[in-house]
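S.K.: The structure follows.
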Amino acid sequence: MRRRDTSDGMLLLAAPLLTATAVLVVVPALVAVLFAFTEYDALSPPRLVGLANFRTLWHDPLFWMAVRNSTFIGVVSVPLRIGLALGLALLLMRQRRFSRAARIAVFLPSVVPEIAYALLWLWMLSPEYGPIGLALQATGLERHNLLLSPWGARRSIVLMGLFQIGELYIVLLAARRELPAELYELCAMEGVSAFWTFRNVTLPLLIPTIIFLGARDVAWSFQATFIPALVITKGGPEFATLFLPLYIYQNGFEYLRFGYASAMTVAMFVLTGALVGLQIALLRRWGGRQTERLEPRPADPST
Amino acid sequence: MTPFGLEVEDLSKRYGDARIVDNVSFTAAEGELLVLVGPSGAGKSTLLRLIAGLVPHDSGTIRIRGRDVGELPPARRETALVFQSYALFPHMTIAENLSFGMRARGVERARSDARVVEVATALGLDPLLKRYPRELSGGERQRVALGRAMLREPELFLMDEPLSNLDAQLRVQTRGEIVRLHSRLRTTTLYVTHDQTEALSMGDRIGVLNRGRLEQIGTPAEVYHHPRSLFVARFIGTPAMNTLPVMAMPPEEVEWHGHFIEIPKRLQAALGPRAALVLGVRPEDVSVQGSRWAQGAAPAEPIAAIVDLVEPAGDQTYLELEVHGSLLVTRVEPDFRIRRGDRINFWFHTASVHLFDPRTEFAVAERGTA
């Protein structure tokens, strides 16, 4: 078969994905960018307004509230999620009696449908009959209504995210298993402590994976706040859980200000990019010079 | 009496029903280079890890310089392990890789730096100290791994196939370096390989492992010339020893497809009546008529064979002879004119043949030995 045929074939195979990406992602994104410079209520045709939407945005206190709330999630939730996933991956790496069941338990919350998951938490956190509130009460603490205080509501959203770490966990587990066993045997022979090994061997070698997951998780955290905020807290109390995706949704689909919502989407995109960039820079500096993948190991000709 | 550098007694390790290391006992003298050789799955690497303490043993004792280390954690056994994959940290420079153990143990910086430079210079690694492992060749990486083991100042070196990831030429060269290094340091070394050529050329003594058991241990010459079992006979030496099923014809012959082969006196006691035996003949002891390398005079009735394969190897040519449905390997001088399909005559140089019991697969007792 000639070479050209092969690449034609590959293009053909990739075509469904490329088409879907173009139609469902690239084109809407471009349309959103265009709408950002218009006023559009879906009833009358869009009208060009230049930078007016962005000027309004700049002076909209609720927008800045949403930025703060979303950034809070990105800054607090992402490190916690990755830290927890890494901890569980290292803990459950070895084959022990219950490690298989534990691994399934870690992954399971990530496959529950978003709406069902949010409703479940609504019940868990319910001030009347929610098990979390009752447990707090049983320990002698005052019945704290997590969802009715701004402080508690925002943290409840973070808490919900901490259980949906199945993917992070799987990727980190795989990355850790890829690290050569000999490096750890060497550490054992030198008698170094587990913490030293973690700090000087495991963590630096996992940094490339963590950078990748962190960048992805910032974007995830921004978007994943939408359903819990919509279902559980409706943005309240006192706008404490008004996150960017919710505010965008409200402007677009409740107030029919599509132009304004589009401008905010562009702003959210820029903010995501900035946070991801900052995070990569921090992790690179902290994780040392090595950000490349481990070289593949040569084939083992014997035992 | 000085204690042995390493004593292993009745050491065993099972995984489930599989006996990976099965009652292995041996000793290595202080300063000896002992090579353990065996095919994949023979238990070599596991044995090494049992001695290092990385894998707990089920039973048996391990003593290093007379000190029972069986229950000690790896770090307190005073051994250093050199890995086949080098096990260098990809995110550390060569200097950091070398000083790894000292940093972990909290040796002060100035002292560890001085030691690193000293060892790096001895190994010719000093220009590479600031580089990363990925920037080094396989041979250089292996030297870094050796240097790191040296910096440990162990009482026992354990080497797990340290040359297997190198190309053929570099392997021979590094082999020499390790032997020279050993003769300078004189640290007891247990070296594991699947390559019998490596074992024969490096070891003061070699031990042959098969399916978790130590089948024979001795000098390279002993193992080559007096293999204790069929396995050792076939595993040590390239090309492998020819093994033929024969029938004992007391008092002094065996019969193979109608040919009567005279057995040297030292083996004649083993020739029981109508006993099935296995005759072992090294390729160099199969003499081809007309070859300058043929040993002894041609007998009255040489055996006829057809040349099935001619395999020139530079300084010699290997022949595979087809005779009575089986293949025999021999070798002739490189300018011996022969082609595939030629008919030739050959005979066995019977002074150095071996006899094995096909039931036990062990060599039959020679007269004058136990």
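S.K.: Restricting to segment B:52-98, name every residue that is among the small types (G, A, S) and more than 17 Å from B:E155 (Cα to Cα).
M.R.: B:S59, B:G60, B:S85, B:A87, B:A95
S.K.: Within segment B:157-211, which residues are β-branched (V, I, T) and either without any contact (Cβ under 8 Å) to a residue 60 or more places away in the chain or farther than 18 Å from B:F26 by Cα (or both)?
M.R.: Listed by number, the residues that qualify are B:V172, B:T174, B:I178, B:V179, B:T197.
S.K.: Report whether or not B:F100 is within 14 Å of chain A (Cβ to nearest Cβ) and outside any helix (DSSP H, G or I).
M.R.: Spelling it out, it is not the case that B:F100 is within 14 Å of chain A (Cβ to nearest Cβ) and outside any helix (DSSP H, G or I).
S.K.: Identify, from the list B:S40, B:S25, B:S45, the residue that is under 24 Å from B:P227 (Cβ atoms), modelled with pLDDT under 90 and out of contact with any Lys or Arg (no Cβ under 8 Å at 6 or more places or on another chain).
M.R.: Just a single option satisfies the conditions, and that option is B:S40.
S.K.: Would you mind stating whether A:L256 is open to solvent by 20 Å² or more (accessible area, probe 1.4 Å), more than 30 Å from B:M159 (Cα to Cα) and within 14 Å of chain B (Cβ to nearest Cβ)?
M.R.: no
S.K.: Being within 14 Å of chain B (Cβ to nearest Cβ) and either touching a strand residue (DSSP E or B) at 6+ places or on another chain (Cβ under 9 Å) or under 20 Å from A:G236 (Cβ atoms) (or both) narrows it down to one of A:E178, A:E182, so name that one.
M.R.: Within the list A:E178, A:E182, the selection yields A:E182.
S.K.: Another question, if that's okay. For B:A110, work out the one condition from (1) away from chain A (no Cβ under 11 Å); (2) in contact (Cβ under 8 Å) with a residue 12 or more places away in the chain it doesn't fulfil.
M.R.: The failed condition is (2).
S.K.: How many residues are within 13 Å of another protein chain (Cβ to nearest Cβ) and surrounded by 15 or more Cβ atoms within 10 Å (Cβ to Cβ) if we restrict to segment B:69-84?
M.R.: Residues in segment B:69-84 being within 13 Å of another protein chain (Cβ to nearest Cβ) and surrounded by 15 or more Cβ atoms within 10 Å (Cβ to Cβ): 11 in total.
S.K.: What residue, among those in segment B:103-124 that are charged (D, E, K, R) and not in a helix (DSSP H, G or I), is most open to solvent (accessible area, probe 1.4 Å)?
M.R.: Filtering first and then ranking leaves B:E108.
S.K.: Restricting to segment A:35-63, and then to whatever is of a type in the set (A, V, I, L, M, F, W, C) and free of Cβ contacts under 8 Å to residues at least 24 places away in the same chain, can you tell me which residue is surrounded by the most Cβ atoms within 10 Å (Cβ to Cβ)?
M.R.: By that ranking, first place goes to A:A52.
S.K.: In segment A:159-192, which residues are at pLDDT 85 or above, part of a helix (DSSP H, G or I), aliphatic (A, V, I, L, M) and open to solvent by less than 50 Å² (accessible area, probe 1.4 Å)?
M.R.: A:L168, A:L172, A:L173, A:A175, A:L183, A:L186, A:A188, A:M189
S.K.: Tell me, please, whether a residue that is within 11 Å of chain B (Cβ to nearest Cβ) and touching a residue at least 24 places away in the same chain (Cβ under 8 Å) can be found in segment A:207-226.
M.R.: yes
S.K.: Something else about it: Among the residues of segment B:33-45, write down those that are surrounded by 20 or more Cβ atoms within 10 Å (Cβ to Cβ) and either over 14 Å from the mean Cα position of the chain (by Cα) or within 12 Å of chain A (Cβ to nearest Cβ) (or both).
M.R.: B:L36, B:V37, B:G38, B:A42, B:G43, B:K44, B:S45
S.K.: From the list B:E255, B:E301, B:E262, B:E322, exactly one residue is at pLDDT 90 or above and either among the charged types (D, E, K, R) or under 23 Å from B:L200 (Cα atoms) (or both). Which is it?
M.R.: B:E322
S.K.: (1) within 30 Å of B:R103 (Cα to Cα); (2) over 19 Å from the mean Cα position of the chain (by Cα); (3) assigned to a helix (DSSP H, G or I): which one isn't true of A:G152, the others all being true?
M.R.: A:G152 satisfies all of (1) within 30 Å of B:R103 (Cα to Cα); (2) over 19 Å from the mean Cα position of the chain (by Cα); (3) assigned to a helix (DSSP H, G or I) except (1).
S.K.: Considering only residues that are part of a helix (DSSP H, G or I) and buried (at least 22 other Cβ atoms within 10 Å of the Cβ), look in segment B:88-97 and name the one that is nearest to the other protein chains (Cβ to nearest Cβ).
M.R.: Step by step, filter segment B:88-97, then rank; the result is B:N97.
S.K.: Against the definition (without any contact (Cβ under 8 Å) to a residue 12 or more places away in the chain and part of a helix (DSSP H, G or I)), how does A:F195 come out, yes or no?
M.R.: So A:F195 passes the test.
S.K.: Looking only at segment B:52-68, decide whether some residue is more than 23 Å from B:L6 (Cβ to Cβ) and either more than 10 Å from chain A (Cβ to nearest Cβ) or open to solvent by 50 Å² or more (accessible area, probe 1.4 Å) (or both).
M.R.: No, that holds for no residue.
S.K.: Specify the residue that is farthest from B:N97 (Cα to Cα); the eligible residues are those in segment A:193-206 that are more than 8 Å from chain B (Cβ to nearest Cβ) and open to solvent by less than 20 Å² (accessible area, probe 1.4 Å).
M.R.: A:L206
The values are calculated or read from the model by the stated rules, or taken from the named source; none is laboratory data. In this text the structure is predicted, and so the values were computed from the model without any measurement. Neighbour counts run over all protein chains shown; Cβ positions are idealised from the backbone, glycine included. The accessibility values were calculated without ligands, DNA or RNA, using every heavy atom of the protein model including side chains. Shrake-Rupley method; radii C 1.70, N 1.55, O 1.52, S 1.80 Å.
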